[in-house]
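The structure appears right after this line, and notes come after that.
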Amino acid sequence: MESTVIPVSLPQNAYQILIAPGQLSHLGDRLQSSDCIRGTLGSKMLIVSNPQIWKHYGELLVQTLTQAGFQVDFLLLPAGERYKTLKSLQKIYDAALRHRLERSSTLIALGGGVIGDMTGFAAATWLRGIAVIQVPTSLLAMVDAAIGGKTGVNHPQGKNLIGAFHQPRLVVIDPQTLKTLPAREFRAAMAEVIKYGVIWDAQLFAQLEQCPRLDRYRDLSEAQLAEILQRSCQAKADVVSKDEKEAGLRAILNYGHTIGHAIESLTGYRQFNHGEAVGLGMIAAGQISVALGLWSAQGLERQQQLIQGAGLPTHLPTELDPNAVLELLQTDKKVAGGRVRFVLPTGIGTATLSDQVPPEVIRAVLSHMQA
């Protein structure tokens, strides 16, 4: 796989996404030599990660940064969505204070989306904002969470209700880290990849349909993985560049997330991981779109086949109360004037926003998914 650089072209916070096998061992040199970042970072760096990721890549990252002349410390936080809380955020602040991070200092997020979101939010708020570099090690974080500057933590009553926009200085994707990614996490990330195909990139969707299997890393060729990473990152970069802070277009990236976040919250972030919940949310949103006459049954079936092919769950637990989902939707960040705004596909590669979804349609779709 060749190295690829994808620019995220923002007026004030432009940066690059670097996709390069083996790049993790050269990050220190990259930070010293990159034209877009050279000379703008202070000497102090704090890496935030979790124990599972750290045992694979922590020593390597510390070594490359130290050799490049940076002063490096690290903090390990527990893995999992249920630890994406203000309590964990406090630990990052405590470490920043302990290591005397300054306004010129940098936080580095080494891990999946949970680590990336928390570290990004800590960077956004420590000393009113310091630099953050995203080094995603999960497929989901590579194609979604690490790009775009959305940061935050969960509130007990809802996902990502506490947060800020804070763009990274650089996103470094080393595909070789996927070799140590648990199989379930790889499958879950495919929901976000399929999402891009549905809402933005019909060619990506068609290419996914040609893959013999989507549920296992080892069954994708190097060329297929490169295409998935590059096209997904490009889709995210395209949308973010047009709408940095979700004033309009960027909202389509929430496809599957509205109901998906409610499912995560109501099941205590234990029964489904983020990608699995998004996959279920995409199925629900697709069915809603068909019920409202906005999408074809054929398009819905093609989406269903890809989600099933990725080994993702397609049914809701019978104990999940549709009325509880409806109630929780009212706390979603995308509610305006009491109306829940849904992303609804209108074709493969296109989607629209609607706040005209009757509650009875949502309830009927959720009940149908429990069958």
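Values for this structure:
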{"read-out": "Criterion (assigned to a helix (DSSP H, G or I), at pLDDT 95 or above and under 17 Å from the mean Cα position of the chain (by Cα)) met by exactly one of Ala191, Ala206, Ala164", "value": "Ala191"}
{"read-out": "Test result for Asp238, modelled with pLDDT of 95 or more and of a type in the set (Asp, Glu)", "value": "yes"}
{"read-out": "Cβ pairs under 7 Å, 6+ apart, first in the stretch 342-358 and without any contact (Cβ under 8 Å) to a residue 24 or more places away in the chain, second surrounded by fewer than 22 Cβ atoms within 10 Å (Cβ to Cβ) and charged (D, E, K, R)", "value": "Asp355/Arg339; Asp355/Arg341"}
{"read-out": "Residue ID - modelled with the lowest pLDDT, chosen from residues in the stretch 315-345 that are surrounded by fewer than 17 Cβ atoms within 10 Å (Cβ to Cβ) and part of a strand (DSSP E or B)", "value": "Ala336"}
{"read-out": "Any hit, the stretch 52-61, residues being surrounded by fewer than 16 Cβ atoms within 10 Å (Cβ to Cβ), under 25 Å from the mean Cα position of the chain (by Cα), of a type in the set (A, V, I, L, M) and closer than 21 Å to Ile115 by Cα", "value": "yes"}
{"read-out": "Unique residue being surrounded by fewer than 16 Cβ atoms within 10 Å (Cβ to Cβ), in a loop (DSSP other than H, G, I, E, B) and at pLDDT below 95 when the list is Arg218, Arg213", "value": "Arg213"}
{"read-out": "Which listed residue is in contact with a strand residue (DSSP E or B) (Cβ under 6 Å, 6 or more places away or on another chain), over 19 Å from Tyr196 (Cα atoms) and either in a helix (DSSP H, G or I) or in contact (Cβ under 8 Å) with a residue 24 or more places away in the chain (or both), from Ser265, Ser289", "value": "Ser265"}
{"read-out": "Segments classed as strands (runs of 3 or more DSSP E), wholly inside the stretch 9-78, with at least 2 members that are free of Cβ contacts under 8 Å to residues at least 12 places away in the same chain", "value": "none"}
{"read-out": "Qualifying position, being of a type in the set (Gly, Ala, Ser), within 17 Å of Phe186 (Cα to Cα) and assigned by TED's automatic domain parsing to the domain that holds Ser354, among Gly268, Gly281, Gly260, Gly311", "value": "Gly311"}
{"read-out": "Tally, over the stretch 300-324, of residues that are over 23 Å from Asp219 (Cα atoms) and of a type in the set (S, T, N, Q)", "value": "2"}
{"read-out": "Complete set of residues in the stretch 199-227 that are within 17 Å of Ala20 (Cα to Cα) and polar (S, T, N, Q)", "value": "Ser221, Gln224"}
{"read-out": "The stretch 150-207, subset among the hydroxyl-bearing types (Ser, Thr, Tyr) and out of contact with any Ser or Thr (no Cβ under 6 Å at 6 or more places or on another chain), residue surrounded by the most Cβ atoms within 10 Å (Cβ to Cβ)", "value": "Thr151"}
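One line per residue, one yes/no per condition, for (1) in contact (Cβ under 8 Å) with a residue 60 or more places away in the chain; (2) touching an Asp or Glu at 6+ places or on another chain (Cβ under 7 Å); (3) assigned by TED's automatic domain parsing to the domain that holds Ala277:
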| residue | (1), (2), (3) |
| --- | --- |
| Leu86 | yes, no, no |
| Ile92 | no, no, no |
| Thr106 | yes, no, no |
| Ala109 | yes, no, no |
| Ala123 | no, no, no |
| Trp126 | no, no, no |
| Ile130 | no, no, no |
| Ile133 | yes, no, no |
| Asp144 | yes, yes, no |
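The values are calculated or read from the model by the stated rules, or taken from the named source; none is laboratory data. Given the structure is predicted, the values throughout are model-derived calculations rather than measurements. As a convention, Cβ positions derive from the backbone with ideal geometry for all residues, glycine included, and neighbour counts pool all protein chains shown.
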